[in-house]
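Notes to accompany the following structure.
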Amino acid sequence: MQENELSIIVRTDHLPNDGKVIKASATEQQRTDLASRFGVISVESFDLEVTVKPITKHKIHVTGHVSGIVKQSCAVTLAEIENPVSDDFEVIYESVADDYVPLKEIDISPDEVETEDLIDNKIDVGELAVEYFSLSINPYARAEGAVFVDKIEPKEEDNPFSVLEKLKKS
């Protein structure tokens, strides 16, 4: 597995039957790296709580909550604003057989729990939390009271033919 901004690797072959709870907060350097990755001004805080619990020897249930605050630009005024980010997630990891061939089409129901491949008995719960955090950032954040006007009426003097109109009247 590649090293990520907030990598927290959990070995699934040594999990207790009642699971393992991981709580973590990103360091200042990790938050700086995450801000760069997300394209925001800064990540003011980033906290995660993840529970990793075995269902069977080859199937792992991961649930978690990620929260934090991002500083980003208002989509209308470009002013700096802080937005809270919070998301819950649930993923099932399953070991893949040696002869595994991925399917071309995957039908995903919104009510189904996401399923991921379990590779080398390792799950990077830090990266998993980062992915869900990034999906919860508002891409079109607005400052309080900022209103986007999608149509601007041209002023009469902005018309390039207004000069000709004046000549015609004289």
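The values are calculated or read from the model by the stated rules, or taken from the named source; none is laboratory data. Quick caveat, the model's predicted, so the values are computed rather than measured. No Cβ is skipped: glycine too gets one built from the backbone with ideal geometry, and neighbour counts run over all protein chains shown. Accessible surface areas use protein heavy atoms only, side chains included; no ligands, DNA or RNA. Shrake-Rupley method; radii C 1.70, N 1.55, O 1.52, S 1.80 Å.
If you go through the range 61-93 and keep only what is in contact with a helix residue (DSSP H, G or I) (Cβ under 6 Å, 6 or more places away or on another chain), without any contact (Cβ under 8 Å) to a residue 60 or more places away in the chain and not charged (D, E, K, R), you end up with Val85, Phe89. The strands (runs of 3 or more DSSP E) located wholly in the range 1-101 that include 3 or more residues which are open to solvent by 30 Å² or more (accessible area, probe 1.4 Å) and either charged (D, E, K, R) or closer than 30 Å to Arg142 by Cβ (or both) occupy 20-25, 42-56, 59-73, 80-95.
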